[in-house]
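All of the numbers you see were taken from the coordinates with simple rules; none came from a lab. Just so it is clear, the structure is predicted and the values come from calculations on it, not from any experiment. Cβ placement follows ideal geometry from the backbone for every residue including glycine, while neighbour counts extend to all protein chains displayed.
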Amino acid sequence: MIKYAIRRILISIPILLTVVTLIFFLVRSMPGGPAVAMLGDYASKEAVEALEKEMGLDIPIQQQYLVFLKSLSRGDLGKSLITGMPIAPQVARVLPYTLELTISSALFGVFFGIPLGVFTALRRNRMFDYIGRTFSLAGISLPSFFLGILMMLIFSVKLDLFPVVGGGDIHDLAGSLHHLFLPGLTLGLMMTAYITRTTRSSVLNVLREDYVRTARAKGLRERIVIYGHTLRNALLPVVSFVGVYTIVLIGSSVLVEIVFSRPGLGKMMVGAIGQRDYMTLQSVMVVYASWVVIINLLTDLSYGLIDPRIRYD
Amino acid sequence: MNERRNLWRTFKNNKTGVVGAVMALVVLLTAVFAFLISPYDPLDQDVFHRLTPPERSHPLGTDEYGRDVLSRIIWGTQISLTVGFISVLLGMIMGTAMGVVAGYRGGWTDTLIMRMVDVMLSFPTLITGIMVAAILGSGLVKLIITIGIVFAPRFVRMAYGPTLAVKELEYVSSAKVIGASSFRIIIRHILPNIFGEIIVAGTLWMGTAIMIEASLSFLGLGVSPPTPTWGNMIKSGMDVLSNAPWLSLFPGLSILITILAFNMIGDSLRDIADPKLRA
């Protein structure tokens with residue numbers, strides 16, 4: 001396992017490097033370059049040159065790339081083009097809000113989705129299954145921002161139970177939970193829908209396996225067939241899907257942060273695009289990229305931990 | 001022929017699929033006949049009837065400029081479906097071409113294309129879309145290109161595997177031996193083998209494409225007002241959510257119905273394709 005883990009961690013490094021490189025060149029491939037994109041097509045040549053100098057765009061691109069990598073490795077994300085403030089502390093301020101939102105909703109989805117998926121599979125084509133399937137189909141078809149708006153209309157506008165906007169103080173537990181509830185529930189329900197569907201089909205697949213039929217044929221009690229033979233195998237692929245869906249969730253968190261005006265990476269990114277602050281955009285993308293790479297790494301590691309076959313590939 | 005009839009019968013008996021197909025048809029007809037069924041001009045402002053709640057003359061109410069919400073949703077259907085269709089088609093063409101070339105050529109072309117695809121696919125689709133949209137800028141054509149780029153990697157991956165498999169088959173080597181060009185082999189012998197699967201996947205991904213279009217428009221990165229899209233209608237409705245919830249609710253329901261239709265068709269196709277599930 002340790003050998004597998006080390007190998008897997010080492011593979012993440014070139015992946016991260018590729019993503020970061022891609023982001024760097026994408027930002028620089030903007031029509032006219034980032035400086036023109038920021039100042040507009042009618043900016044004077046001097047203004048563009050001055051800004052390019054400030055952004056470090058006046059040196060050859062290979063050198064820019066090296067400078068970029070060097071400062072990244074020190075944890076320096078550069079300065080915002082609008083405020084002139086260093087970006088890293090801003091990221092550090094909003095990141096906990098996004099982490100709190102996505103992690104809690106991922107856990108919510110695992111906690112409710114897996115049992116729901118198992119029960120709907122075991123009661124296939126009965127009332128409970130139909131309700132569960134309808135719920136999960138609706139859940140994957142609802143855009144997260146629309147679900148968020150519905151939550152807001154019901155719980156904040158009509159019932160006045162939860163705050164409409166903001167993220168609360170991250171150090172005040174009760175306050176931040178109060179602010180977290182609706183956005184967390186929005187993403188949590190989506191995650192539940194995804195996981196329910198995957199779990200259900202995975203359990204159904206395993207129930208058709210020969211070894212399950214054998215277990216039944218030799219007269220084992222149904223409980224042992226389900227818990228001992230079916231679930232252990234059925235839940236294996238669910239682990240990797242939890243990773244995949246968490247990444248989908250990170251995408252949706254951008255929309256939910258906008259709907260609830262919650263501080264976070266997504267709000268920072270959309271704000272940066274609105275202000276044409278390409279340095280901030282680039283930095284936020286790098287943070288998202290590292291996060292995605294870490295989740296993929298954790299998914300693979302946990303998969304290797306529970307399924308020994310993976311380690312020997 | 002018989003087999004086709006059997007498949008049709010299986011599909012007909014699959015209630016989810018039939019309901020989904022009917023819903024998709026209704027959405028499609030709404031888009032095609034928007035000019036006939038839309039009660040008002042979607043851009044006509046009426047300052048005397050601003051933010052009217054749903055009533056007889058405006059079944060879904062009016063917005064902050066007094067424009068009829070129902071008419072705007074009907075015309076928005078056209079934009080959503082157009083963007084969904086053309087962008088997936090674009091992604092399909094770009095992705096399939098790259099996937100076939102990567103699989104057929106092998107070597108560093110293969111490595112380069114497939115590593116890029118791996119990286120793009122590991123990213124949340126929406127965040128890739130936001131990044132590309134931020135770089136390309138907003139507007140209908142740029143939005144279509146953005147979503148096309150976002151979808152291309154999925155098609156690359158779909159086309160790549162089968163190309164690798166087909167490439168090794170005897171009839172491809174025979175074609176090479178008698179002097180067929182790579183282009184001819186790809187067009188005549190490889191593409192026909194992988195086309196069916198790709199078309200089906202593309203049809204189903206239209207739902208996802210429509211979802212991304214709505215999300216980008218909601219963020220202000222898609223088609224800009226006054227042209228109505230479901231996403232930008234929800235966005236502008238957000239400002240008056242507590243007073244005029246219908247502005248966001250009805251476009252949202254339209255998105256839900258459309259995507260639900262595609263997902264229902266997708267689910268039933270999956271059931272049909274897997275005979276074990278039929279029992």
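Give the angle, between 0 and 90 degrees and rounded to the nearest 10, that separates the Cα long axis of helix B:69-105 from the longest principal axis of the Cα atoms of chain B.
So the helix axis and the longest Cα principal axis differ by about 20 degrees.
Among A:THR192, A:THR98, A:THR21, whose mean-square fluctuation peaks in a Gaussian network model of chain A (Cα, cutoff 10 Å)?
Most flexible of the set in this elastic network: A:THR21.
In whole percent, what relative contact order does region B:177-237 give with Cα contacts below 8 Å and a gap of six or more residues?
Reported relative contact order: 21 percent.
If you stretched the chain out fully between A:ALA50 and A:SER71, how much longer would it get, using 0.36 nm times the residue separation minus the C-alpha to C-alpha distance?
5.4 nm
Using the beta-carbon distance between B:PHE33 and B:VAL141 and R0 = 22 Å, what value does 1/(1 + (r/R0)^6) give for FRET efficiency, to the nearest 0.05?
The computed FRET efficiency comes out at 0.35.
Could you work out how much longer the chain between A:GLN275 and A:SER290 gets when fully extended? Use 0.36 nm per residue separation minus the Cα distance between them, nm to one decimal.
Here the segment from A:GLN275 to A:SER290 would lengthen by 3.0 nm.
Roughly how tilted is helix A:2-28, in degrees to the nearest 10 and between 0 and 90, from the longest Cα axis of chain A?
40 degrees
Taking the alpha-carbon centroid of each part, what is the distance from region B:35-50 to region B:207-278 in angstrom?
First find each Cα centre; the distance between them is then 22 Å.
Please give the average number of partner chain Cβ atoms lying within 10 Å of the Cβ of each residue in A:145-154, rounded to a whole number.
Average neighbour count from other chains, rounded to a whole number: 5.
Region B:65-161: which chymotrypsin sites (Phe, Trp or Tyr not before Pro) are DSSP loop and have at most 16 other beta-carbon atoms within 10 angstrom?
Listed in order of number, the matching sites are B:TYR65.
Hey, rough spin-label estimate for B:ARG270 and A:SER261, points 7 angstrom out along Cα→Cβ, what's it come to in nanometres?
Result: 3.9 nm between the two label points.
Using each residue's phi in region A:145-158, evaluate 6.51 cos²θ - 1.76 cosθ + 1.60 at θ = phi - 60° and report the 3J(HN,Hα) Karplus result to the nearest Hz, with x for Gly and Pro.
5, 6, 4, x, 5, 4, 4, 5, 4, 6, 8, 9, 7, 7
Rounded, prolate or oblate: which fits region B:1-143, taking a ≥ b ≥ c as square roots of the Cα gyration tensor eigenvalues, rounded meaning a/c under 1.5, else prolate when a/b beats b/c?
Since a/c reaches 1.5 but b/c is at least a/b, the shape of region B:1-143 is classed as oblate.
Would the protein assembly as shown count as rounded, prolate or oblate if I go by the C-alpha gyration tensor, calling it rounded below 1.5 in a/c and otherwise prolate when a/b exceeds b/c, oblate otherwise?
Rounded.
Which of the three applies to region A:109-260, rounded, prolate or oblate, going by the alpha-carbon gyration tensor with a ≥ b ≥ c and a/c under 1.5 meaning rounded?
prolate
In chain B, which longest range has no trypsin sites (Lys or Arg not before Pro) that are both DSSP loop (not H, G, I, E or B) and surrounded by at most 15 other Cβ atoms within 10 Å?
B:57-277
Working out 0.36 nm times the residue gap between A:ILE103 and A:MET127, then minus their Cα-Cα distance, what length gain in nm do you get to one decimal?
Extra length from A:ILE103 to A:MET127 when fully extended: 5.5 nm.
Do the sum for chain A: with -39,500 (n - 2.57) for every DSSP H run of n ≥ 4, divided by all residues, what is the mean residue ellipticity at 222 nm, to the nearest 500 deg cm²/dmol?
That calculation yields -25000 deg cm²/dmol at 222 nm.
Given the pairs B:LYS12/B:LYS167; A:LYS267/B:LYS142; A:LYS158/A:LYS267; B:LYS12/B:LYS142; A:LYS45/B:LYS235, which span a C-alpha to C-alpha distance of over 29 angstrom in this model?
Listed pairs above 29 Å: B:LYS12/B:LYS167; B:LYS12/B:LYS142; A:LYS45/B:LYS235.
From the helices alone, meaning DSSP H stretches of at least four residues, give me the mean residue ellipticity at 222 nm for chain B, per-run term -39500 (n - 2.57), in deg cm²/dmol to the nearest 500.
-24500 deg cm²/dmol
Among the aspartates and glutamates, select those whose C-alpha is under 17 Å from the C-alpha of A:LYS3, and discard any that sit fewer than 8 residues away in the same chain.
Leaving aside aspartates and glutamates fewer than 8 places away in the same chain, those within reach of A:LYS3 are A:ASP300, A:ASP307, A:ASP313.
Measure off 7 Å from each Cα along the Cα-to-Cβ vector at B:ASP110 and A:TYR211, then give the distance between these two points in nanometres to one decimal.
3.4 nm
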